[in-house]
Structures are given as structure tokens and as C-alpha cells.
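Colleague: I have a structure I would like to understand better, so I am pasting it below and will then ask my questions one at a time.
The values are calculated or read from the model by the stated rules, or taken from the named source; none is laboratory data. Keep in mind that what you see is a predicted model, and the values were worked out from it rather than measured. Neighbour counts run over all protein chains shown; Cβ positions are idealised from the backbone, glycine included.
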Amino acid sequence: MLQGGNLEVTPMGPLVRQPVVVPSLPAVPLRVDGTLPEGLDGLFLRADPHPARAPRQDVPDVLPGPSLVSGARLEGGAAHAYRATAERGPTGLLGPVPALAPAWHRDQGPDGRGPVTLARPVADEDGRWHTVATYPGLGYAEHLVADGRGAVLEARPFPLTGAPLVATVALTGSHVVFFDGPVAHSRATALVGERFPCTWRPGGPARLGLLDRTGEPSVRWFPVEPGHVHDIAGAHEDGRRVVVDAVRRPRAFDGERSAARPAALRRWVVDPVAGEVAERDLVPGVAAAAVDGPVLHGTRNTASGAELVRYDTATGRTGVRWLGGGATAGRPHVDRGRLLVPVERPGRRRAELLVLDAADPAGPPAAVVHLPAGARPARRTAWLPAPPRG
């Protein structure tokens, strides 16, 4: 609903239960081809770099703020656009919309503790947001728990040396899952001030961490193959084992050598009792992913266009939907059996939100919502379902 210039959306279910308020301008109707499914009710949001800040070409996965937030409201078979103001005001550490908060670095952390890097946050079943903050030179990190407006509720410190770039986290019933890899804060690079201050450290540590969510903050470490994990698609507990699916680059923040080896979707199976971890690639070249039960959806951007990749974790089968030449696909979102895929077509100055059947994403779309095109493809998007009526 639109109240006093603010679009207030209370997401439902296990994602977020606290209101998210996005300052906005008056709504503008959007063209919709096809028919939006009954019950598809919520807000699709995107965050774009603020025009006052030049884009950082050396930072493919980490986006410092501030940002401009815009979106499309889907309700009753219609769609309306909202042009939002910049993220600002009395918000918490993760910003006014934690679902859009990126992995990022800033030179001054909370309480004046110097530089800090924050992992992209993830929400728990109670609507609280979890992230890991690392502080170069201090020898520890913190598991931070925030509310729906980004204000920190808990800060749970644990030992961590080397100031690694923890770009992403995931939650299971018992653990916060994250990776300590060879990308870390470099004091020498930070002093130069022209590049992102995290760089590849040859021979640096490579390990997966399981941080206890419920008791005293303690981490169990498991050695893994070196690489940079920048997007965890999902994690769950399978009996005594922990299964983690994530997008991994063999190298990152290392110039041309990083770009020469593309990312791949990889699975780690951790056995905490035996102290062992097994890992293998699932789908090569997947740039982002979302999980819906046993089916994993991802996108793959190529030099000629973009593909939507559907990987069935039960059968190992992969299906591909071609999105067209010159297209760039964003992170897919799942809601009630529907797959929402943002697609940018910069050459045509067009942007779309495809509404597909999650069980058959290669089939005809139920609807195509024509979105206002941004200056460049958005790297951060979110789908916030509206609360149930009545």
C-alpha cells in the first residue's frame, strides 16, 4: 500500500516478517504482456549504484553504497513502477532494505573500529538478518543479527585472523555457514586508494566454517579447495551432514587471471562427526542462483546473451532457457511455484521481469512485466511477497 509517500510492504513467510519501508514517488502503471498469476502479490526491488559514485570495474561481486532503490509492485494482475530515493536516513548497518544489502567494504566500521567488510545478509525464520563482519588487523570477526530495518540486535564475536573477504553467508537450523578464502584485505592496496582494498593472496587459507547459531559463538573449520565463494545458493542439514551449494571462482580480485577462469556452481558435503568435506562442481559458469526445494535455478551470462539454467539436484539433469542475444539476466526469485527473472537488454534500452513456471522455466512465460531500464544491469534485486490478506 502507498502511505504518505512511502510504499510499505510486509514480506510474508520465512523470509521477512518485519515491515520494509521504501521511500518512493507516485506509482506509474507498467505494461504487462500475458497475465500475471492470481495471488502473485509483492514488490520486486532493484538497487543501482548512486550516480554520484563512479562504478567500480575492479569489484565484480562487491558493491559499496549508497544506492538508488526502485521497484515494481505486482498486485491484482497489474504492475506499477516505483522510483525510490537513495538509501539514506536513520537506518541500521545493513541499510533500510536488508534484502538488497550487498557484500561491501567501508573504511570506518561501527563504533569507530576502522575498516570493515560485511557479508551479504540472509534472513532467518523469524525475520532477522544475519551477516558476518570482519575487521582487518583486529584478529576477530562478528556474527551480526539485525532487524528488518538493518539495525543490529546482536553482535557475537569469534576469533578470525587475516581479515578475509567473507562475501556471503547461509543459514541451517544449527549453523551460520561461510567461507574463509584467499581474498583478503590488503593494507598496501588500501593505502593507494584507487582500487578495492581486498586482493587475492596466493597460498592463503581456504576453508569452510560452521558457526554455531544457538550457543556460544564457536567455529569448526574444514579445509576446501582454494577459491572465492561470492554467492551461496543454499545450505541445509541432511542428518549429521551439512550440504552447501554455492557459486565459486577459482581466482578473484587478481586481474586478468581471474576473468580467464569462470565461476561454477559447486557442492560441498560436510560431515562434522568425521571431520571430512567432499566437494564437486555441479554446473559450470552459473553466475547467480536461488533455491526452491530440490530444484536449483541459476543464470549464466555469456558474450552473446544470457541463459536461465535449471539444475535438478535429485536427477542431475540440466535444462536451459535462452533469453536472447545481448541480454543480461539477474538473480531469479521463487514465489509459490513461479520463477521471477529480471532481464536487462541494454542494446534496446529495455528491462523485463519474466514470470515463469518454476517447474518448467523453458516454457512460455505467464507474463512479461516491462520495467524501466536502468543505466546498467542491476546486480542486486529482491522479491518481497506481500502479507496474506484478511
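Colleague: Report those strands (runs of 3 or more DSSP E) wholly inside segment 305-345 carrying at least 3 residues which are closer than 16 Å to residue 365 by Cα and more than 19 Å from the chain's Cα centre (by Cα). Talk me through it step by step, then tell me what you get.
Modeller: Details: elements: 305-312, 318-325, 333-335, 338-345.
The qualifying strands (runs of 3 or more DSSP E) are 318-325.
Colleague: Test of understanding: among 148, 92, 71, which residue is crowded, with 16+ Cβ neighbours inside 10 Å, touching a strand residue (DSSP E or B) at 6+ places or on another chain (Cβ under 8 Å), in a loop (DSSP other than H, G, I, E, B) and at pLDDT 65 or above? First the steps, then the outcome.
Modeller: Working: 92 fails: at pLDDT 65 or above; 71 fails: in a loop (DSSP other than H, G, I, E, B).
Testing whether each residue is crowded, with 16+ Cβ neighbours inside 10 Å, touching a strand residue (DSSP E or B) at 6+ places or on another chain (Cβ under 8 Å), in a loop (DSSP other than H, G, I, E, B) and at pLDDT 65 or above leaves just 148.
Colleague: What number goes with the only condition from (1) surrounded by fewer than 18 Cβ atoms within 10 Å (Cβ to Cβ); (2) farther than 20 Å from residue 135 by Cβ; (3) at pLDDT 85 or above that residue 205 does not pass?
Modeller: Looking at each condition in turn, residue 205 falls short on (2).
Colleague: Which ones in segment 190-242 are in contact with a helix residue (DSSP H, G or I) (Cβ under 6 Å, 6 or more places away or on another chain) and either outside any loop (DSSP other than H, G, I, E, B) or of a type in the set (S, T, N, Q) (or both)?
Modeller: Hit for segment 190-242 is 199, nothing else.
Colleague: For segment 200-212, give me each residue that is over 21 Å from the mean Cα position of the chain (by Cα) and not basic (Lys, Arg). Show your work before the answer.
Modeller: At the first step, the residues of segment 200-212 found to be over 21 Å from the mean Cα position of the chain (by Cα) are 200-206, 212.
Selection gives 200, 202, 203, 204, 205, 206, 212.
Colleague: Take the residues in segment 344-372 that are in contact with a Ser or Thr (Cβ under 8 Å, 6 or more places away or on another chain) and at pLDDT 90 or above, then tell me which one is surrounded by the fewest Cβ atoms within 10 Å (Cβ to Cβ).
Modeller: 366
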